[in-house]
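**Q** Okay, here's the structure, questions in a sec.
The values are calculated or read from the model by the stated rules, or taken from the named source; none is laboratory data. Everything numeric here is computed off the predicted structure, so don't read it as measured data. Glycine also receives a Cβ, built like all others from the backbone with ideal geometry; neighbour counts cover every protein chain displayed. What goes into the accessible areas is simple: the full protein's heavy atoms, side chains included, and nothing from ligands, DNA or RNA. Shrake-Rupley method; radii C 1.70, N 1.55, O 1.52, S 1.80 Å.
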Amino acid sequence: MSSQFTSIIIKQLKALRVISVFAIILSVLVVSGVILGTVYEGRFGNVVVNNLNNQLESKLIVENVSFSVIKKFPNASIELNNVVIKSNKKFRKNNAFNLSQSDTLLKLAHVFLEFNIVELFQNKYNVKALELNNGNLNVLIDKNGLENYIIWKENPTSNKDFQINLNNVIFKNITLLAVNQYKNYHIKSVIKNLIIKGNINKKLSTINSAGEIELKNLKLNDINYTIQRTIKTQFQIQKEKNKYIFNDSYIVVSGLKFSLSGIYLNKTIASCDISITTTNNELNSLIHLLPEKYYNKTKKYAAYGDFSFNTHIKGQISKLISPHITTNFNLKNGSFLNNKTNIILNNLNIKGQYSNGKLNSLKSSFFNLKTFSFTIDSSTYKGNLSVNNFVHPELKIHSKLNVDLQQVQEFFKFDTIQKAVGNLKSTFWLNAHFDSIQHPSLNEIKEIKLSGESYITNATIKLKGSSHTLTNINAKAIFADNNLRISRLSFNDAESNFALEGVLLNLIPYLFFQNQILFLDANITSRNLNLEKYFTNETPQNQNAADSIYVLFPKNINYSLGINVNNLTYDDFSATNITGIIHYKNKIYTAENVKFNSMFGFVNGRGNLIINQRNNLELKINCSLQSININSLFSSFHNFGQKFIVDKNLAGIVDGNIIYSGSWDKYFNVLPGKIFSQAELSVKNGELIDFEPMQSLSKYIDSEELKHIRFSNLDNTIFIKNSKVIIPKMNIASTAFNIGISGEHTFTNNIDYHLNILLSELLSKKFKKRKKHNEEFTNIEDDGLGRTTIYLSIKGTVDNFKVNPDKKRVRKKIKKDLENEKHEIKTILKNEFSSLKKDSIKSKSIMQNNEKFIFEFEDDTLKN
């Protein structure tokens, strides 16, 4: 027992002795290292800095130097603190970068150089390892291809005792900025740690590298990739003189592994034969490589599928020479799940190839999307695409789809569509050539060859912000070059229905260029058309009421529409068998040869609608009326907004011609002072029933027929000017008496009528009894034929008027004023409709150029 205990004590004492010896040696080394570092710090540091400056074109600036045999034991190390190396002189002189640190290549907090301690004391400075810590590295190339990092002298002062034979290079926390204006890329990253092992100066060696880089920003060809990503790298390189063979090398980005293999030759003109491959990667990993603005749009989807690609780079590499590049890519069984609706885009298959072609240039480059297909439930899409020559591209597209509109809308959620139901089938081919894909010319767009056809079946569409839902949409359209021929289009909108056949001309140039005109030449038919829904006070969402007027006058669109409507209704107005032609051009609507049946009669006319420089609407109409029921006329138009004489007061048949000019402001408010009209009217079998002003004549006339006046014929021309209706003198021949009437009726319902009544002696017994009394009135005259005339005036408002005798001198003045009014209105209307004639000629049909639009006036148009 005691012997065992003694043995244990002896072993512990031996171990303690070893530890003590080791501690003593370590203490000696530390003390020696500190002493050596203090003694030789200046000497070794100055030698290293001076030798580096002898080999550098840009001066090495160091704040202070320290020497240690401890920090990198067993090697000695020289630590350079706060190191700065400027960009080369030529770059600094021609600096075209808008960067605050573009004149600086390298700025580091610490740089460690390692040496063999024995060789160092033999005055041999062989740098074996290099470590760079905490700083910035700016690698810049300007638009002329001038680099800032060429800092080694072509013929440096040689020192055989100072050699750089690196076996180990370490980067830690280095912010790398790489900007190439010549190739148009911008990279900012942080090298967290990167270790390179192996001596690149040896003819035969193996170089291994591994590290982690945090990518902050990447911009290629003006496309900004701003998502932060971590990149892991591993390289194994066999070096044989100037030949580098890559084995077991890869880069991992966002979980996507890119394997690299091949050869790089570092000669006067470098060359390579390298393959970069990734296989069986998740589609979601690829999506993470997209630019941020595209990546954000994919966040609402979950992506699945196997993605692979292989890139082969072979040939010489220089500023003027590009190697041959070929990339093949493939996606199998891909899918996108909409996380909100659980609708799946499925069976996504993509197969394609890119190559820079035989000339290894943009001119010979091509991109070929051989297969592109997917399904959304029962919806299918197939297509292919090719682009040849990236300098003057030739584009070819073939597409075939058969989709359920509701399924597609539920998956993609298009912003402008609120509801979509139905089926769309389409097949088309497109072939185009461009001098520049970014700036195609108008002639190149016009030369696009587009062919194919599309069908829409049993569709329903409702756009966001619209009160209209289009139902039962069925269409067939044929693509032909830049045009779209609509051989059949029908749809319903509430109780209205439409069918259209025609052609859209210049469609593709219109879509690409703002100043191009889209032409529509078509025929529209409708069994039932209710206009009330299209002329409401509702304003679309996000649209100012004052701007709604401009919806009626679209820019860069012209059309000619043949109209055929069986039944049209608007409020209490209705019409049947409507035909005509409507043209639209340069903000002018022109209606020609418009005919329809309405109010138990027939209407034929023409007119136009424009928006003038003051943004007011101007409407001009010239129409004829045949056999119109006057009671229905007043009823259909709500008695024209007045209560003085209404539909229940009238009966008879109207024939006539109406010329009208009127204006509205941009809020659709009538401008009364801008309304001018001439209406030549003839009323047959007329009746005036319970008309209150006639009842007021009972003071002078005692006749039951005042309640219901019948007359066989009435002819007159009525005018509108200065916000008033002007009625020249006209005669109403009644079975009871004859009445002559003239006067004015303002838009504010002030009236000033003048009547003359010829009384039959046989039918006016009451008048005979009062004849002696009435002789007192100066407004009674004899016409020379034994007939008595009474002159009366009706003045006031429609709600408060008085009937009084009308003096002769007043009548003469009124007659003269009416004559002047008629001639003035005639002049105004001729001026108005002469412009209508010019506007109409300008807005001829785009397909019917020999159509004319002319208003004619006879000399006696405005006669009494």
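**Q** Using a 1.4 Å probe, what is the accessible area per residue for the stretch 407-529, in Å²?
**A** 55 Å²
**Q** What is the local net charge at Ile343, summed over the other residues whose Cβ is closer than 12 Å to its Cβ (Lys, Arg +1; Asp, Glu -1)?
**A** Here the charged neighbours net out to 0.
**Q** Another one. First check a/c for the stretch 341-423, with a ≥ b ≥ c the square roots of the eigenvalues of its C-alpha gyration tensor; if it is under 1.5, answer rounded, and if not, answer prolate when a/b is larger than b/c or oblate otherwise.
**A** prolate
**Q** A follow-up question, please. In the stretch 61-145, which trypsin sites (Lys or Arg not before Pro) are in a loop and have at most 14 other Cβ atoms within 10 Å, using DSSP for the loop call?
**A** Lys124, Lys143
**Q** Using 5 Å bins from zero, what percent of all Cα-Cα pairs in the stretch 157-315 falls into each bin?
**A** 2, 8, 12, 15, 19, 19, 12, 7, 3, 2, 1, 0, 0
**Q** What list of ³J(HN,Hα) values in whole Hz, one per residue of the stretch 455-462 in order, does the Karplus curve 6.51 cos²θ - 1.76 cosθ + 1.60 (θ = phi - 60°) give from phi, with Gly and Pro shown as x?
**A** 10, 10, 10, 6, 9, 10, 10, 9
**Q** Sticking with this structure for a sec: Let me know the charge dipole size of the stretch 396-442 about its Cα centre in debye, to the nearest 20, where only the beta-carbon of Lys, Arg (+1) and Asp, Glu (-1) is charged.
**A** 160 debye
**Q** Another question about this same structure. Just how many % of Cα pairs in the stretch 256-411 lie over 19 Å apart, if you round to the nearest whole percent?
**A** Of the Cα pairs, 65 percent sit more than 19 Å apart.
**Q** So if I take the centroid of the Cα atoms in the stretch 470-517 and the same for the stretch 603-642, what is the distance between those two points in Å?
**A** Between the Cα centres of the stretch 470-517 and the stretch 603-642 lies a distance of 30 Å.
**Q** Which value, in Å³ per residue, describes the convex hull spanned by the Cα atoms of the stretch 234-296?
**A** Taking only Cα atoms, the stretch 234-296 has a hull volume of 101 Å³ per residue.
**Q** Follow-up question, since we're still on this one. Using a 7 Å offset from the Cα along the Cα-to-Cβ direction at both Ser275 and Asn116, what is the distance between the two label points in nm, to one decimal?
**A** 4.2 nm
**Q** Against the globular-protein guess of 2.2 N^0.38 Å, express the Cα radius of gyration of the stretch 340-486 as a ratio, rounded to two decimals.
**A** My calculation over the Cα atoms of the stretch 340-486 gives 1.25.
**Q** Something else: Separation between the Asn483 and Asn458 pseudo-spin-labels, each 7 Å from Cα along Cα→Cβ, expressed in nm?
**A** According to this spin-label approximation, the distance is 3.3 nm.
**Q** Pairs of lysines 8 or more apart, or on different chains, with alpha carbons under 26 Å: count those in the stretch 256-312, would you?
**A** 4
**Q** Could you give the spread of the C-alpha atoms of the stretch 70-112 along their three principal axes, from largest to smallest, in whole angstroms?
**A** Largest first, the stretch 70-112 extends 46, 17, 10 Å along its Cα principal axes.
**Q** Here is a further query. With a point put 7 Å past each Cα toward its Cβ, work out how far Phe367 is from Ile517 in nm, to one decimal.
**A** With each label point 7 Å from Cα toward Cβ, the separation is 3.6 nm.
**Q** Can you tell me the accessible area per residue over the stretch 257-345, all protein chains present, probe 1.4 angstrom, in square angstrom?
**A** For the stretch 257-345, the per-residue accessible area is 57 Å².
**Q** How large is the dipole of the stretch 271-311 about the Cα centre if only Lys and Arg carry +1 and Asp and Glu carry -1, each at its Cβ, rounded to the nearest 20 debye?
**A** In total the dipole reaches around 360 debye.
**Q** A further question on this structure: Under a Cβ-Cβ cut-off of 11 Å, what is the net charge of the residues other than Ser627 that fall near it, where Lys and Arg count +1 and Asp and Glu count -1?
**A** With Lys, Arg at +1 and Asp, Glu at -1, the neighbours total 0.
**Q** Got a sec? Charge dipole of the stretch 628-687, +1 on Cβ for Lys and Arg, -1 for Asp and Glu; which of Phe637, Ser682, Val654 is way out at the positive end?
**A** Highest projection toward the positive end goes to Phe637.
**Q** For the stretch 288-408, what relative contact order do you get, as a whole percent, if you take Cα pairs closer than 8 Å and at least 6 residues apart?
**A** Relative CO of the stretch 288-408 lands at 17 percent.
**Q** So what's the net charge close to Asn604: Lys and Arg +1, Asp and Glu -1, counting the other residues with Cβ under 13 Å from its Cβ?
**A** 0
**Q** Please report the projected area of the stretch 377-430's Cα convex hull averaged over all directions, in nm².
**A** Taking a quarter of the hull surface, the average projection is 5.0 nm².
**Q** In whole percent, and with a 1.4 Å probe on the protein chains, what portion of the accessible area of the stretch 648-697 is carbon and sulfur?
**A** Ligands and nucleic acids excluded, carbon and sulfur give 55 percent.
**Q** Return the Rg/Rh value of the stretch 586-658, two decimal places, where both radii are evaluated on C-alpha atoms and Rh is the Kirkwood radius.
**A** Rg/Rh: 1.08.
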